[in-house]
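Coordinate-derived values only; no laboratory data. Just so you know, these numbers come straight off a predicted model, no measurement behind them. All Cβ positions, even for glycine, are placed from backbone atoms using ideal geometry, and neighbour counts span all protein chains on display.
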Amino acid sequence: MKYDVVIVGSGPGGYVAAIKAAQQGAKVAIVEKESIGGVCLNWGCIPTKALLKSAKVYKTFMHSEDYGITIADKSKIKVNFSDVIKRKDSVVSKLTGGVKVLLNKNGVEVFNGLGTIVDKNTVKVNNETLTTKNIIIATGASPVIPPIPGVKESMEKGIILTSKEILSLKDIPNELVIIGGGVIGIEFATVFSTFGTKVTILERMDRILVNVDNDIRNDYLKILKKNNINILTEANVVGVENNEVTYEYQHKKAKVKADKILMSVGMRPNTNGFENLGINITRTGIEVNDKMQTNIPNVYAIGDVTGKIMLAHVASAQGLVAANNIVGKEEKMQYSRIPACIYGMPEIAMVGMTEEEVKAKNIEYKVGKFSIAANGKSLADGETEGFIKVIADKKYGELLGVHILAANATELISQSVTTMELEGTVFEIANSVHPHPTLSEIVMEAAHSVIDRPIHALK
Ligand SMILES: Cc1cc2nc3c(=O)[nH]c(=O)nc-3n(C[C@H](O)[C@H](O)[C@H](O)COP(=O)(O)OP(=O)(O)OC[C@H]3O[C@@H](n4cnc5c(N)ncnc54)[C@H](O)[C@@H]3O)c2cc1C
């Protein structure tokens, strides 16, 4: 066998696994049919955050008087959208360039082309045959395109876009309909509504962001509405004709027109081509055990293709587990303390159980909340929307869930992840001296709120 491991797919699952295995002396090859870095670096996590940053800068300029700065003629403030896209592209190429260097310097051999798994020890790419002791399938997922009449035609005309094509728009659309009220839909809604697009979200379920704690969602919905994002739930899209979307809403048919339509109803694991390998594949992805092995022990699968939790940091964590098991260090993946983030304005970040989940499990619990508006740094920053909610076990105060709606919430959640990893309690958080003034003080204040009362809040 020429390689210890051949990895198919170079997203945050594949490239992390490759580097980890190589760091430990394995001979590694990685096969990528498009761009190193996968969806996350090229068309997902990173480019969306670059666009959000441009949107935030624009918003700050438009509200400059809130900070005591007068711009004489605001009509002269223009979004040069092609430059916004260029900046996004340059961020992506810096990061993917960095990953290429890391792969190279760690001695990982990179093959550009479609990887075909011939059998459990053989991967073909272009005209080469790679023989290997282990394989990691890290092929990710692709946007679901529902079989709704007219969707295919509008896609061919460039009216309906997926999260990939919308990242390379030439102009800001005047009107955008987003089909699907999940995280991806909400992030694009935030970007484009900030740039002035009239955004309508059509969601088939009775609520958007299904995994979010109800209290957080309810407050967030008010903020989205205030930002002129029109959200219709229980709105079932039944047809598209060119730029017009027909949907059923409150037992009636209704129509909405837009110059662009974003289809973001979910992602489907890329399992095509692996049907004859003998691994178990279900509708939700490739089945794996907690060492990331498929039913064929030397064939592993990681990331979105496993359909577990479709997040980049989960793919990377699974990649580390697979690489370590391959080099002989037994390690298991656990999913109970995975943080999840939504990068709107403000942001949402959460880890552990929602209050609804805690209730459903009949766990005795206490809740502590703290308003962002009562935090000094947030006031100074002029970003006071939201709150934090800490859910703790009633008897010992062990952290069960933390949910934050705030500017920079995504930067705040890791403290709670670590605390949970250590099986820590609200007492440890409350007793840890937090630097002042920081947004992180809200975590301490909410912990105090679980125990008795925070200093900076009235009963
Ligand atoms: C718009 C958007 C925003 C997102 N934002 C976030 C975020 O903020 N945070 C977060 O955690 N997650 C985010 N995600 C999800 C995140 O991108 C994925 O969870 C992550 O990319 C999964 O990593 P992966 O390694 O499993 O696969 P991917 O990143 O999908 O990479 C798979 C790679 O495999 C390649 N490939 C597939 N088949 C083959 C083959 N046969 N041969 C060779 N190569 C192949 C593909 O070309 C691709 O490069 C976002 C997703 C989208 C679409």
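Given Cβ point charges of +1 (Lys, Arg) and -1 (Asp, Glu) and nothing else, what value in debye, to the nearest 20, does the dipole of the range 127-281 about its Cα centre take? Spell out each step's value before the answer.
Numbers: 18 positive and 18 negative charges, 50 e Å.
Here the range 127-281 has a charge dipole of around 240 debye.
Looking at Gly44, Ile30, Tyr67, which one has the Cα that reaches farthest to the positive end of the dipole of the range 23-77 (charges on Cβ: Lys, Arg +1; Asp, Glu -1)?
Highest projection toward the positive end goes to Ile30.
Run the Debye formula on the Cα coordinates of the range 58-110, all scatterers equal and no solvent, and tell me log10 I(q)/I(0) at q = 0.14 1/Å.
After summing over all Cα pairs, the log10 values are -0.59.
Just to verify a number: FRET efficiency for Gln23 and Ile363, C-beta to C-beta distance, R0 = 35 Å, to 0.05?
Result of the calculation: an efficiency of 0.30.
Two decimals, Cα atoms only, Kirkwood Rh: what is Rg/Rh over the chain? Could you put the intermediate results ahead of the total?
On the way: Rg = 23.5 Å, Rh = 23.9 Å.
So for the chain, dividing Rg by the Kirkwood Rh gives 0.98.
Report the local net charge at Asp215: Lys and Arg +1, Asp and Glu -1, summed over other residues whose C-beta lies under 9 Å from its C-beta.
Working: positive: Arg217, Lys369, Lys389; negative: Asp213, Asp219, Glu355.
Neighbourhood net charge equals 0.
What number, rounded to the nearest 500 deg cm²/dmol, is the helix-based mean residue ellipticity at 222 nm of the chain, given -39500 (n - 2.57) per DSSP H run of at least four residues and division by all its residues?
Values: 13 runs with 147 residues, N = 459.
Per the formula, -10000 deg cm²/dmol.
Computed on alpha carbon atoms, what radius of gyration and Dmax characterise the range 277-431, expressed in Å?
18.5, 59
About its Cα centre, how strong a charge dipole does the chain have in debye, to the nearest 20, once Lys and Arg get +1 and Asp and Glu get -1 at the Cβ?
Values: 53 positive and 50 negative charges, 133 e Å.
So the dipole magnitude of the chain works out to roughly 640 debye.
With all pairs of different alpha carbon atoms counted, what Kirkwood hydrodynamic radius in Å does the range 338-399 show?
Across the range 338-399, the inverse of the average 1/r is 13.2 Å.
What does the net charge come to around Asn298 if you take all other residues with beta carbon closer than 9 Å to its beta carbon, with K and R at +1 and D and E at -1?
Values: positive: Lys120, Lys133; negative: none.
Taking every Cβ under 9 Å from that of Asn298, the sum is +2.
For Lys152, list the aspartates and glutamates whose Cα falls under 19 Å from its own Cα; do not include residues on the same chain fewer than 8 positions away.
Within the straight-line limit of under 19 Å, Lys152 reaches these aspartates and glutamates: Glu165, Glu241, Glu244, Asp259.
Output the pairs from Lys222/Lys308; Lys53/Lys86; Lys198/Lys225 with a Cα-Cα distance over 22 Å in this structure; if there are none, say none. Before the final figure, lay out each step's value.
Working: Lys222/Lys308 31 Å; Lys53/Lys86 13 Å; Lys198/Lys225 12 Å.
In this structure, Lys222/Lys308 exceed 22 Å between Cα atoms.
Considering the Cα positions of the range 365-459, please state its Rg to one decimal place and its Dmax as a whole number of Å.
When restricted to the Cα atoms of the range 365-459, Rg and Dmax are 12.1, 38 Å.
Share of Cα-Cα pairs in the range 158-242 beyond 22 Å, in percent? Write down the numbers at each step before the final one.
Working: 828 of 3570 pairs.
When all Cα pairs of the range 158-242 are counted, 23 percent exceed 22 Å.
What list of whole percents do you get for P(r) of the range 1-99, with Cα-Cα distances grouped in 5 Å bins up to the one holding the largest distance?
2, 12, 17, 14, 12, 10, 9, 7, 6, 5, 4, 2, 1, 0
In whole Å, how far is the Cα centre of the range 217-236 from that of the range 370-449?
With the range 217-236 and the range 370-449 each reduced to a Cα centre, they are spaced 25 Å.
Find the relative contact order for the chain and round it to a whole percent, using C-alpha pairs within less than 8 Å whose residues are 6+ positions apart. Could the numbers behind the result be given before it?
Numbers: 967 pairs, mean separation 66.3, N = 459.
Once divided by the residue count of the chain, the mean separation gives 14 percent.
How much of the DSSP beta bridge set in the range 99-231 is antiparallel, as a percent to the nearest 5?
50 percent
So what's the gap between the Cα centers of the range 124-198 and the range 2-22, to the nearest angstrom?
25 Å
At a 10 Å Cβ-Cβ cut-off, how would you order Asp4, Asp83, Asp206, fewest neighbours first? Please report the intermediate quantities before stating the final value.
Values: Asp4 18, Asp83 11, Asp206 8.
Neighbour counts put them in this order, fewest first: Asp206, Asp83, Asp4.
Just to be sure I understand: of the beta bridges DSSP finds with both ends in the chain, what percent are antiparallel, rounded to 5?
Numbers: 49 of 80 bridges.
Approximately 60 percent, going by the DSSP bridge assignments.
Give me the distance in nm between label points sitting 7 Å out from Cα along the Cα-to-Cβ direction at Asp73 and Ile223, one decimal.
Those two pseudo-labels are separated by 3.5 nm.
Taking K and R as +1 and D and E as -1, what net charge do the other residues with C-beta under 12 Å from the C-beta of Asn408 add up to?
Details: positive: Lys56, Lys377; negative: Glu347, Asp381, Glu383, Glu385, Glu411.
Every neighbour counted, the sum reads -3.
What list do you get for Asp290, Asp219, Asp66 if you sort them by fewest beta carbons within 10 Å? Provide the component values of the computation, followed by the final result.
Numbers: Asp290 13, Asp219 17, Asp66 9.
Placing the least packed residue first, the sequence is Asp66, Asp290, Asp219.
Using the per-residue mean of other Cβ atoms lying within 10 Å as a proxy for protection, in what order, highest first, do the peptides 340-352, 89-101, 106-118 fall?
Working: 340-352: 22.5, 89-101: 15.1, 106-118: 16.8.
Put in order of decreasing packing, that is 340-352, 106-118, 89-101.
Which loop-located trypsin sites (Lys or Arg not before Pro) does the range 324-427 contain, where loop means any DSSP state but H, G, I, E or B and the Cβ has at most 15 other Cβ atoms within 10 Å? Write down the numbers at each step before the final one.
Values: sites: Lys329, Lys332, Arg337, Lys359, Lys361, Lys366, Lys369, Lys377, Lys389, Lys394, Lys395; in loops: Lys329, Lys332, Arg337, Lys361, Lys394, Lys395.
Qualifying residues, ordered by number: Lys329, Lys332, Arg337, Lys361, Lys394, Lys395.
Once the principal axes of the Cα atoms of the range 222-327 are found, what is the range along each, listed largest first in whole angstroms?
56, 35, 25 Å, listed from the longest principal axis down.
Rounded to the nearest 5, what % of the DSSP beta bridges within the range 190-284 are antiparallel ones? Mind showing how you got there, number by number?
Numbers: 12 of 16 bridges.
The antiparallel proportion sits near 75 percent.
Using the per-residue mean of other Cβ atoms lying within 10 Å as a proxy for protection, in what order, highest first, do the peptides 193-200, 156-163, 132-139 fall?
Values: 193-200: 19.8, 156-163: 17.4, 132-139: 27.1.
Per-residue Cβ counts within 10 Å, averaged per peptide and sorted highest first, yield 132-139, 193-200, 156-163.
Using the Cα centre of the range 281-364 as the reference point, and only Cβ charges (+1 on K/R, -1 on D/E), how large is the resulting charge dipole? Debye, rounded to the nearest 20. Before the final figure, lay out each step's value.
Working: 8 positive and 10 negative charges, 48 e Å.
Magnitude of the dipole: close to 240 debye.
Positive end of the dipole of the range 119-220, charges at C-beta (+1 Lys, Arg; -1 Asp, Glu), about the Cα centre: which of Leu169, Phe192, Val212 has its Cα farthest in that direction?
Leu169
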